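Presented below is the structure to which this report refers.
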Amino acid sequence: MITTDQYAASIVEKYRVIPDTNSTSHRAADEVLPLLKQWGKQHLLGLTLSGAYVKNTAITLSSHVDILIALSPVPGMEMKNIFWSLFEYLTDRDLRPRTHDVSIRLLNKGFSVDLIPAYRDRETSGTALFHKRTGNAIHTDVARHIHLIANSGRQQEICALKIWRERMSLDFPSLYLELVVLRALGSERFGQLADNILAVLRYLSTRFEQAVIPDPANSDNILSSDLSADDKKGIAKAARDALYDENWKKILW
């Protein structure tokens, strides 16, 4: 009989996207690059794999791979205009893009590729992104996010909570979720996957709604403000229901 740790690990591995230059996810991203170069033209500074894919926290139930599109400022165009310009460009080519908080998602051969247009912030060496939920540009540092999560040692737990989020159809932005997991597990041991998942669910059920979670790259960005009180209440309730039932096949599957 398998242990709860073994069961949880098997579900994480089932859906986890492994970063590899030969992977199908990586190749799906590569196929989009010529299109982005054509769109960005002389303003394009670089195209890099980003987000959950390089943090090793991507799951196949959501985005497979993210591409950060670094741009030099375009005269007369705010980040908002840039974001919608890319959306229109992709729509005009019948690629059926869908918008998310800071990204535009394409489906390529069954793989979800999230495109993140960004201005390179010369003053801070960070990035400016358009945040669709607020309608404003946000100044942050994507590289710092990647370093923090990729070196946290909590990628398994993060993937597990992302699987749970998708199964519960919860609105819970990925960076916000990742930082909540790190906070919830601040004093928990490594290498106890099932216990740590339950620890995160306990945090979500009791402390999450009141917790203030800032962007580690810019304390002016309060990530916990991205969700309404009702959204947070729904996440807390789902966590309480999971703890009450404590049936692992209903938490992760």
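Of the helices (runs of 4 or more DSSP H) lying entirely inside region 157-253, those containing at least 2 residues that are more than 25 Å from Ile2 (Cβ to Cβ) and of a type in the set (A, V, I, L, M, F, W, C) are 174-184, 229-245. Taking the criterion of being open to solvent by less than 30 Å² (accessible area, probe 1.4 Å), in contact with a His (Cβ under 7 Å, 6 or more places away or on another chain) and of a type in the set (A, V, I, L, M), the only residue of region 114-150 that qualifies is Ala128.
For region 118-146, filtering for residues that are outside any loop (DSSP other than H, G, I, E, B) and either of a type in the set (Ser, Thr, Tyr) or closer than 22 Å to Thr60 by Cα (or both) leaves 6.
Report, by residue number, each residue of region 138-170 that is small (Gly, Ala, Ser), without any contact (Cβ under 8 Å) to a residue 60 or more places away in the chain and within 20 Å of Leu47 (Cα to Cα).
Ala143
Within region 74-86, no residue satisfies the criterion of being open to solvent by 70 Å² or more (accessible area, probe 1.4 Å) and either closer than 14 Å to Asp114 by Cα or in contact with a helix residue (DSSP H, G or I) (Cβ under 8 Å, 6 or more places away or on another chain) (or both). In the condition set (1) touching a residue at least 60 places away in the same chain (Cβ under 8 Å); (2) β-branched (Val, Ile, Thr); (3) over 15 Å from Leu161 (Cα atoms), Ile197 is compliant with all but (3). Taking region 1-27 as the range and being free of Cβ contacts under 8 Å to residues at least 24 places away in the same chain and in a helix (DSSP H, G or I) as the test, the residues that pass are Gln6, Ser10, Glu13, Lys14, Arg27. For region 8-43, the set of residues classified as over 13 Å from Asp66 (Cα atoms), open to solvent by 40 Å² or more (accessible area, probe 1.4 Å) and in contact with a Phe, Trp or Tyr (Cβ under 8 Å, 6 or more places away or on another chain) consists of Thr24 only. Can you name the residue in region 87-109 that is more than 19 Å from the chain's Cα centre (by Cα) and not hydrophobic (A, V, I, L, M, F, W, C) and is also surrounded by the fewest Cβ atoms within 10 Å (Cβ to Cβ) among such residues? If we take residues in region 87-109 being more than 19 Å from the chain's Cα centre (by Cα) and not hydrophobic (A, V, I, L, M, F, W, C), then Asp94 is surrounded by the fewest Cβ atoms within 10 Å (Cβ to Cβ). Considering (1) in a helix (DSSP H, G or I); (2) touching a residue at least 40 places away in the same chain (Cβ under 8 Å), the lone condition that Asp30 does not fulfil carries the number (2).
The values are calculated or read from the model by the stated rules, or taken from the named source; none is laboratory data. Keep in mind that this is a model prediction, so the values were computed, not measured. Here Cβ is always computed from backbone atoms with ideal geometry, including for glycine, and neighbour counts include all displayed protein chains. The protein model used for the area step is the full one, side chains on, heavy atoms only, and it has no ligands, DNA or RNA in it. Shrake-Rupley method; radii C 1.70, N 1.55, O 1.52, S 1.80 Å.
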